[in-house]
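Here is the structure we will look at.
The values are calculated or read from the model by the stated rules, or taken from the named source; none is laboratory data. Note that this is a predicted model, so its numbers are computed, not measured. Heads up, the Cβs are rebuilt from the backbone with ideal geometry, glycines too, and the neighbour counts pull from every protein chain shown. Accessible surface is based on the protein model in full, side chains and every heavy atom, while ligands, DNA and RNA are left aside. Shrake-Rupley method; radii C 1.70, N 1.55, O 1.52, S 1.80 Å.
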Amino acid sequence: MKPTGLSLLAGFAALLLAGTAQAETVKLTLWHMEQPPHRVQRVQELLDEFNKAHPDIQVSQEPQSWGEVYAKAPAAFAAGTGPDILFTIPDFTTVIKGIDAVVPVDDLVKELDGKHGFIEAALKPYQYDDHVWAVPAYNMALSLWYRNSVFKEAGIEVPKTWSEWQAAAEKLSVDGRYGIGLPANKQLYTDQTVYTFMVNAGAADIYKDDGSVDFDKPATVEAYDFYSKLAKLSPADNGSWTWGEAEACFASDTCGMILQFSVINTYDTQAEGDAADLAVAAVPHAESQGGPGTISYPNALMVTTKDEARQKAAGTFIAWLLEPENYGRFLNMEPGLFLPVTGDGAKADSFWNDPVVTKYKAQVETMIANSHGGKLFGFTTGKVFPSIGAISAQNVIAETLQQIVVDGQSPADAVKAGQAKMSDIAR
């Protein structure tokens, strides 16, 4: 049968409508730096679920590496090929903000905070220059890890102050075991552990309000002096350590204590896997301080598209991800490492029902509690200065320690040199 003009017109209209619907689908690209295959797989599972439920928004992932993204992301934005959503940490945000490639998310964060309740330690590093620059996604905070059986055998109570900590490390340094494992490498892990000592000495702020560096002060010297004493009770190869070497030392029971974000996965798969024996506590503090503190690394999501439709779609995706039924599965792309940054996320069944998290529930609860008091160098005063990115990238905090433990400088002289280098960077 020959088609009539009306049927041809109807067919054309249907094609036009289909084309319009297709054109209205917003496609978003997500960059993250969680490269391990099991993490990529979990992110993809969540994206597939979101995309199915939101046919008008389709999100795809492009995993990146932290080692390359500081250079790769600015180049991509300059070429017009940057992502729409970009995972971040506070100092990386300053880099992307510096090239005007991130948009404020004040309204989105206000809405999500009212609904889920962000913890202050996760939100604060992204609040400056009258805006909020990223949506907190998960936290990581250093804690003190040890074995209950080792402490019991040595007759040691959990140390709370530095004098108790040093006494415990000295007592554990017997029979081929090192009392503690601390890194002394010029690398980010050493920045993190040393800064945790600074927090616990009352030297958390490295900037004054005017942007000048405030590193050289008695509390900082005290932190480096004590760190160098404990470093002598660590393995001799700690000058080349990163996070993995510390975990391996603990898993083999060669180190009686370490500072780490989490050892749960390594301990469960490579050591005893006895949840009752694995113990975690707050990092001990100097006698002059009233309580413990730590470093925390709140990871977040930046919206990096200038297109309003894409911004709205990105907000829809981020809001979906933080819903408790989805959020726990997102966190558990690496069970026992990524900590919730929302009040309802910390109670979500989707988080606590993971087998690993269930097994190590007590340890995870302590990690979460420790993270609430976390701080991050350069992001403690409510004012953020661009030089923190370069100070972090050049590992000046770790380099200062190396001048003590490798070059033999006094803590006072090393801290003075660290102040000079940071000041040069900040000019």
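The table below lists the values:
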{"item": "Listing of helices (runs of 4 or more DSSP H) fully contained in the range 171-267 that carry 1 or more residues being without any contact (Cβ under 8 Å) to a residue 24 or more places away in the chain and open to solvent by 10 Å² or more (accessible area, probe 1.4 Å)", "result": "218-231, 243-251"}
{"item": "From T358, T400, T305, residue being hydroxyl-bearing (S, T, Y), within 23 Å of G273 (Cα to Cα) and at pLDDT 95 or above", "result": "T358"}
{"item": "Pair list, Cβ < 6 Å and 6+ apart or interchain, from the range 155-168 residues that are assigned to a helix (DSSP H, G or I) to residues that are not small (G, A, S)", "result": "W162/F226; W162/P284; W165/P159; W165/P284; A168/I156; A168/P159"}
{"item": "Residues within the range 41-53 that are open to solvent by less than 40 Å² (accessible area, probe 1.4 Å) and either among the charged types (D, E, K, R) or farther than 19 Å from I89 by Cβ (or both), tallied", "result": "4"}
{"item": "Enumeration of residues in the range 399-412 that are open to solvent by 10 Å² or more (accessible area, probe 1.4 Å), in contact with a helix residue (DSSP H, G or I) (Cβ under 6 Å, 6 or more places away or on another chain) and part of a helix (DSSP H, G or I)", "result": "Q403, I404, V405, P411, A412"}
{"item": "Residues that are open to solvent by 10 Å² or more (accessible area, probe 1.4 Å), among the polar types (S, T, N, Q) and farther than 20 Å from T93 by Cα, drawn from the range 364-398", "result": "T366, N370"}
{"item": "From the options V158, V174, residue that is closer than 22 Å to S296 by Cβ, over 24 Å from the mean Cα position of the chain (by Cα) and not aromatic (F, W, Y)", "result": "V158"}
{"item": "Test: V415 is in a helix (DSSP H, G or I) and open to solvent by 40 Å² or more (accessible area, probe 1.4 Å)", "result": "no"}
{"item": "Any hit, the range 278-293, residues being among the hydroxyl-bearing types (S, T, Y) and within 30 Å of D107 (Cβ to Cβ)", "result": "no"}
